[in-house]
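The values are calculated or read from the model by the stated rules, or taken from the named source; none is laboratory data. Note that the structure is a prediction, hence the values are computed from the model and not measured. When we count neighbours, we look across all protein chains shown, and the Cβ atoms used for this are built from the backbone with ideal geometry, even at glycine.
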C-alpha cells in the first residue's frame, strides 16, 4: 500500500471499514491520524470520491480519537454528525484525518475532524457522541 512514512495498517477498523480500506494510521502526540488511499472503487458516477465514504471516514476518525482520549473503556455511539464537503477527492489521492476532541464528558463527547489531501482541506465534520448502554 502506497502511504506516507509512519503509517501502518489499523487492525481494529471493524468489518464495515474493511470493505473500504485498508485504513492506515500513525500515533501522533495529538492523537491518532488515519489515512486512506482512494481508488476507482471509491468513486461516484462523476468520478470523484463518494460522499458517503468521506462521511464514514470522518465518523470513524472522530470515534477513535474520542476512544483514545477518554481512556475509560466505555462504548460510545454517534448522536449527531454534520459533514461539509469543501472540495472533491479523486482516485489516487491520499486522504488523511486531523481530529480534535473538544470534550469527553461522562455522557456526551464532542469532536471535530478535517479530511485533507496534501495541504487542501476537502471535508470538515463535527459530531456529538453519547455513552452507549
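Quick check on this structure: which one of 76, 41 is surrounded by 15 or more Cβ atoms within 10 Å (Cβ to Cβ) and at pLDDT below 95?
Sole residue among the options that is surrounded by 15 or more Cβ atoms within 10 Å (Cβ to Cβ) and at pLDDT below 95: 76.
In region 19-47, which residues are part of a loop (DSSP other than H, G, I, E, B) and closer than 13 Å to residue 94 by Cα?
Listed by number, the residues that qualify are 21, 22, 23, 38, 39.
Limited to region 84-133, what total is found for residues that are under 16 Å from residue 64 (Cα atoms) and touching a strand residue (DSSP E or B) at 6+ places or on another chain (Cβ under 7 Å)?
The number of residues fulfilling the criteria is 24.
Among residues belonging to region 79-116 that are more than 29 Å from residue 46 (Cα to Cα) and surrounded by 17 or more Cβ atoms within 10 Å (Cβ to Cβ), point out the one that is farthest from the chain's Cα centre (by Cα).
Filtering first and then ranking leaves 104.
I'm told residue 73 meets every condition in (1) assigned to a loop (DSSP other than H, G, I, E, B); (2) farther than 18 Å from residue 130 by Cβ; (3) free of Cβ contacts under 8 Å to residues at least 12 places away in the same chain except one. Can you identify the failing condition by its number?
With respect to (1) assigned to a loop (DSSP other than H, G, I, E, B); (2) farther than 18 Å from residue 130 by Cβ; (3) free of Cβ contacts under 8 Å to residues at least 12 places away in the same chain, residue 73 is out only on (2).
Residue by residue through region 4-18, note down the ones that are assigned to a loop (DSSP other than H, G, I, E, B) and modelled with pLDDT of 85 or more.
Listed by number, the residues that qualify are 4, 5, 6, 7, 10, 11.
Working only within region 19-35, note down all residues that are modelled with pLDDT under 95 and either in contact with a helix residue (DSSP H, G or I) (Cβ under 7 Å, 6 or more places away or on another chain) or farther than 26 Å from residue 102 by Cα (or both).
The answer is 19, 20, 21, 22, 23, 31, 32.
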